Amino acid sequence: MRVVISIGGSVLAPDLDSERVEAHASVVEALAREGCEIGAVVGGGGVARDYIGAARDLGANEVQLDQIGIDVTRINARLLIAALGSQVDPKVAHDYEEAGDAIRRGDISVMGGVMPGQTTDAVAAAFAEYVDADLLVYATSVNGVFSADPKSDPDATKFEEMAAGELVDVIADIEMSAGSSAPVDLLAAKLIERAKMRTIVLDGTDPSRIEPAVLRGEHSGTDIIPEGGDEPTYWAQ
Ligand SMILES: Nc1ncnc2c1ncn2[C@@H]1O[C@H](COP(=O)(O)OP(=O)(O)OP(=O)(O)O)[C@@H](O)[C@H]1O
Ligand SMILES: O=c1ccn([C@@H]2O[C@H](COP(=O)(O)O)[C@@H](O)[C@H]2O)c(=O)[nH]1
């Protein structure tokens, strides 16, 4: 089974805590031991937003801000690589070909951002499509996709499952400036829809939630159901 896991910066490195990074790496390594081929994409989190905010105040334009964000995602990717054992490609992959080659060699491949105008959510979706992944997992700071931002709307309700087209509709109104927050960005949602990619959005603040989701489909987040895609099959059945 080939899996791409997007690990939000706000769950991997809300602060510089090596034990938390180690816990995420352990989950990735456990999945690899189960025989999964893994691509990981790491976000920039609060550190990226802090840098972006400071540079915006200094007059940088949105592309320059995105470039700062990309740099931070790649630093976080290096942190995850540092915590992974010898099975990881030691380079942060800067494009999908490099990342795909590493996976085909049997390595775990880790990416950060690749280009302005998107977030690492879109990187993960494109990476998953490029390597024909069986599953894409977003480990983020909220437990799934809600009808509205649950951090600001107490009446927001969680989707247990939703079609990829519905995801596009929910995400469409969220702002897309550098450093913005969404469970997945709009480009990612469109790529998931196009690729008919089976996708899970879950709370990754506790990384141990990722393994049962990948191996058995057990999680309390949101399943994005591909329209016209195959029925899910699980590795550990
Ligand atoms: N409809 C929605 N459903 C779920 N979350 C939403 C929604 N709209 C906005 N959000 C916000 O999306 C955010 C998703 O997580 P966020 O982007 O902060 O972190 P991440 O996925 O860990 O990535 P990173 O911190 O690297 O950008 C949350 O802050 C949540 O409040
Ligand atoms: O491919 C990419 C990835 C990221 N960015 C910029 O970086 C920040 C932080 O990334 P997150 O995935 O949100 O953690 C993002 O808001 C963009 O500004 C990018 O431009 N391109």
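Within the stretch 132-141, does at least one residue satisfy the condition of being surrounded by fewer than 18 Cβ atoms within 10 Å (Cβ to Cβ) and under 18 Å from Glu37 (Cβ atoms)?
yes
Would you check which residues across the stretch 115-157 are of a type in the set (S, T, N, Q) and touching a residue at least 12 places away in the same chain (Cβ under 8 Å) and list them?
Gln118, Thr119, Thr120, Thr140, Ser141, Asn143, Ser147
What are the pairs with Cβ atoms under 7 angstrom where one residue, in the stretch 171-187, is in contact (Cβ under 8 Å) with a residue 12 or more places away in the chain and the other, located anywhere, is open to solvent by 50 Å² or more (accessible area, probe 1.4 Å) and near ligand 2 (Cβ under 10 Å from one of its atoms)? Sequence gap at least six, or different chains.
Hits for this filter: Ser177/Glu62; Ala178/Glu62; Gly179/Arg49; Asp185/Met176; Leu186/Met176.
Looking only at helices (runs of 4 or more DSSP H) that fall completely inside the stretch 1-94, which ones have 3 or more residues that are small (Gly, Ala, Ser) and within 16 Å of ligand 2 (Cβ to nearest atom)?
Numbers: elements: 9-12, 18-33, 45-57, 62-83.
Result: 45-57.
Kindly provide the set of residues from the stretch 1-20 that are closer than 10 Å to Gly204 by Cα, of a type outside the set (A, V, I, L, M, F, W, C) and touching a Leu at 6+ places or on another chain (Cβ under 9 Å), ordered by number.
Ser6
Can you spot a residue in the stretch 49-61 that is closer than 24 Å to Ile174 by Cβ, crowded, with 22+ Cβ neighbours inside 10 Å and not small (Gly, Ala, Ser)? Break it down into steps so the answer makes sense when it comes.
Going through the stretch 49-61, the residues closer than 24 Å to Ile174 by Cβ turn out to be 49-57, 60-61.
Restricting the remaining residues to those that are crowded, with 22+ Cβ neighbours inside 10 Å gives 52.
Checking the rest, the ones that are also not small (Gly, Ala, Ser) come to 52.
Yes.
Does at least one position in the stretch 179-194 carry a residue that is over 14 Å from the mean Cα position of the chain (by Cα), open to solvent by 10 Å² or more (accessible area, probe 1.4 Å), within 16 Å of ligand 2 (Cβ to nearest atom) and modelled with pLDDT of 95 or more?
Within the stretch 179-194, one or more residues are over 14 Å from the mean Cα position of the chain (by Cα), open to solvent by 10 Å² or more (accessible area, probe 1.4 Å), within 16 Å of ligand 2 (Cβ to nearest atom) and modelled with pLDDT of 95 or more.
Looking at the stretch 64-86, can you tell me whether even one residue there is in contact (Cβ under 8 Å) with a residue 40 or more places away in the chain and at positive phi?
No; the residues of the stretch 64-86 include none that is in contact (Cβ under 8 Å) with a residue 40 or more places away in the chain and at positive phi.
The values are calculated or read from the model by the stated rules, or taken from the named source; none is laboratory data. Note that the structure is predicted; figures quoted are calculated from it, not measured. Heads up, the Cβs are rebuilt from the backbone with ideal geometry, glycines too, and the neighbour counts pull from every protein chain shown. Areas reflect the complete protein model, heavy atoms only, side chains present, ligands, DNA and RNA absent. Shrake-Rupley method; radii C 1.70, N 1.55, O 1.52, S 1.80 Å.
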